[in-house]
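Undergrad: One structure, pasted below without further comment.
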Amino acid sequence: MEYSYAQYVSTMKAISDETRLRILDMLSCGEMCACDILEKLSISQSTLSYHMKILSKSGLVNAIRDGAWIRYTLNKQKTDEIIVFLKRITTEKENCICQLCSDHQSKRC
């Protein structure tokens, strides 16, 4: 699925925080409940809620309510899409986004 640049920016902003990046790293090992994340990060419940809201809204994390608990999982489809996008924009290609790329390259010293 193709996303807009604005959607990629939103996702990258969610990743650009150290605490959220740690949470994503922990979730890459498997499903976790909020209490386990709290214990590992030594942050307050309100701080965790703030970060999880951002991660969930960006689509990077799935939140599953289980009674009084919330279990979190990494949305691997979303992370894979980001990886593909970053590879695409960092790889030389014949069909560049700009029309002037071929002119620009021919004028290099």
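Undergrad: I need the helices (runs of 4 or more DSSP H) fully contained in the range 30-93, keeping only those with at least 3 residues that are free of Cβ contacts under 8 Å to residues at least 40 places away in the same chain and of a type in the set (A, V, I, L, M).
TA: 34-41, 76-89
Undergrad: A further question follows. Any idea which residue in the range 80-109 is surrounded by the most Cβ atoms within 10 Å (Cβ to Cβ), counting only those that are at pLDDT below 90 and either of a type in the set (Asp, Glu) or touching a Leu at 6+ places or on another chain (Cβ under 9 Å) (or both)? It would help to see each step written out before you state the result.
TA: Filtering the range 80-109 down to residues at pLDDT below 90 leaves 88-109.
So of that shortlist, the ones also either of a type in the set (Asp, Glu) or touching a Leu at 6+ places or on another chain (Cβ under 9 Å) (or both) come out as 92, 94, 103.
Details: GLU92: 7, GLU94: 6, ASP103: 9.
Once the filter is applied, the top-ranked residue is ASP103.
Undergrad: Among the charged types (D, E, K, R), more than 16 Å from THR79 (Cα to Cα), surrounded by fewer than 13 Cβ atoms within 10 Å (Cβ to Cβ) and under 16 Å from the mean Cα position of the chain (by Cα), is that true of GLU39?
TA: On the way: among the charged types (D, E, K, R): yes; more than 16 Å from THR79 (Cα to Cα): yes; surrounded by fewer than 13 Cβ atoms within 10 Å (Cβ to Cβ): yes; under 16 Å from the mean Cα position of the chain (by Cα): no.
It is false that GLU39 is among the charged types (D, E, K, R), more than 16 Å from THR79 (Cα to Cα), surrounded by fewer than 13 Cβ atoms within 10 Å (Cβ to Cβ) and under 16 Å from the mean Cα position of the chain (by Cα).
Undergrad: Residue check: is TYR3 within 18 Å of VAL84 (Cα to Cα), assigned to a helix (DSSP H, G or I) and modelled with pLDDT under 95?
TA: No: the conditions fail for TYR3.
Undergrad: Also, I was wondering about something else. Output the residue which, of all residues in the range 48-79 that are at pLDDT 95 or above and of a type in the set (Phe, Trp, Tyr), is farthest from CYS29 (Cα to Cα).
TA: Going through the qualifying residues, I end up with TYR50.
Undergrad: Of these, GLU18, GLU31, which one is at pLDDT 95 or above, of a type in the set (Asp, Glu) and touching a Phe, Trp or Tyr at 6+ places or on another chain (Cβ under 8 Å)?
TA: Every option except GLU31 fails the conditions.
Undergrad: Ok, one more. Of everything in the range 1-36, what is touching a strand residue (DSSP E or B) at 6+ places or on another chain (Cβ under 7 Å) and aliphatic (A, V, I, L, M)? Give them in sequence order.
TA: Residues satisfying the conditions are LEU24, MET26, LEU27, MET32, ALA34.
The values are calculated or read from the model by the stated rules, or taken from the named source; none is laboratory data. Keep in mind that what you see is a predicted model, and the values were worked out from it rather than measured. Every residue, glycine as well, gets a Cβ built from its backbone with ideal geometry; the counts of neighbours run over all protein chains shown.
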